[in-house]
Amino acid sequence: MTYKTALVTGGAIRIGEDICKKLHENDYNIICHYNKSEKEAKNLKSQLNKLRKGSCEIFSLDLNDFDQVEELISKISNNFNSLDLLVNNASSFFKTDMENHNDSDWDDLINSNLRGPFLLSRHCKRMLSESKGLIINISDAMVNRGMKNYVIYSMAKAGLENLTKTLAREFAPEV
């Protein structure tokens, strides 16, 4: 049997872990990205590889380090036959209101929720085009109504929703 391959950012915990497990159940090999959740990522890898040997790999990456994004894509293209699905799930989420925030809040929230998905999508385009693959960007339903005390996060997720629409036009019909 031939398995498709999915890259899931933030795949070691919470929603990302559930996404990895569901994709694995549906015959995907998993490339699980994590930042600080090494223990959980190793546990997920062990669980999935017990079910199907060699079906899950894990990679650490800080979405605030743009050189690491290119390095990850290089590892994927060198070690996997194809990439069929990119799930941009990784996200920082914390309060920032109009008065209480700093530059590192901006960097963390914008990079993990918007710039990281942009860069990963751009760098994965060739592999996804070859496989007629998909990109799924995970947003937040609350963003459409605005979120008090989460101004930067809300802006980043709104940008991600617009990025998703733009990528649909830019990458179609290959992705």
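On the protein heavy atoms, probe 1.4 angstrom, tell me the percent of accessible surface of the range 33-175 carried by carbon and sulfur. Intermediate results must be reported in sequence, preceding the final value.
Working: 3940 of 8240 Å².
Roughly 48 percent of what the probe reaches on the range 33-175 is carbon or sulfur.
Normalised by the number of residues in the chain, what is the relative contact order in percent for Cα pairs under 8 Å and 6+ residues apart? Don't jump to the answer; show the numbers that get you there.
On the way: 275 pairs, mean separation 37.4, N = 175.
Across the chain, relative contact order equals 21 percent.
Can you give the accessible area per residue of the chain, in Å², using a 1.4 Å probe? Could you put the intermediate results ahead of the total?
Numbers: 9810 Å² over 175 residues.
On a per-residue basis, 56 Å².
In whole Å, how far is the Cα centre of the range 1-29 from that of the range 58-103?
16
Between F80 and S46, what is the label-to-label distance in nm when each label sits 7 Å out along the Cα-to-Cβ direction?
If labels sit at F80 and S46, their model points lie 2.3 nm apart.
In the structure displayed, which of K95/K157; K4/K50; K21/K95 lie more than 22 Å apart, Cα to Cα? Don't skip to the end; give the middle numbers.
Numbers: K95/K157 14 Å; K4/K50 18 Å; K21/K95 30 Å.
Among K95/K157; K4/K50; K21/K95, the Cα-Cα distance tops 22 Å for K21/K95.
In terms of the Cα gyration tensor, with a ≥ b ≥ c the square roots of its eigenvalues, is the range 19-84 rounded because a/c is under 1.5, prolate because a/b exceeds b/c, or oblate?
On the way: a/c = 2.22, a/b = 1.38, b/c = 1.62.
Here the range 19-84 falls in the oblate category.
Against the empirical 2.2 N^0.38 Å scaling, what ratio does the C-alpha Rg of the range 67-170 come to? Working shown, then result.
Numbers: Rg = 15.0 Å, N = 104, 2.2 N^0.38 = 12.8 Å.
It is 1.17.
How much accessible surface area, in Å² rounded to 10, belongs to the heavy atoms of Y34 with a 1.4 Å probe?
30
Per DSSP H run of n ≥ 4, the term is -39500 (n - 2.57); total these for the chain, divide by its residue number, and report the mean residue ellipticity at 222 nm rounded to 500 deg cm²/dmol.
On the way: 6 runs with 85 residues, N = 175.
Mean residue ellipticity at 222 nm (helix-derived): -15500 deg cm²/dmol.
The values are calculated or read from the model by the stated rules, or taken from the named source; none is laboratory data. Source: prediction; values computed, not measured. Neighbour counts are summed over all protein chains in view; Cβ atoms, including those assigned to glycine, are modelled from backbone coordinates with ideal geometry. Ligands, DNA and RNA are stripped out before the accessible areas are found, and what is left, the full protein with its side chains, is counted by its heavy atoms. Shrake-Rupley method; radii C 1.70, N 1.55, O 1.52, S 1.80 Å.
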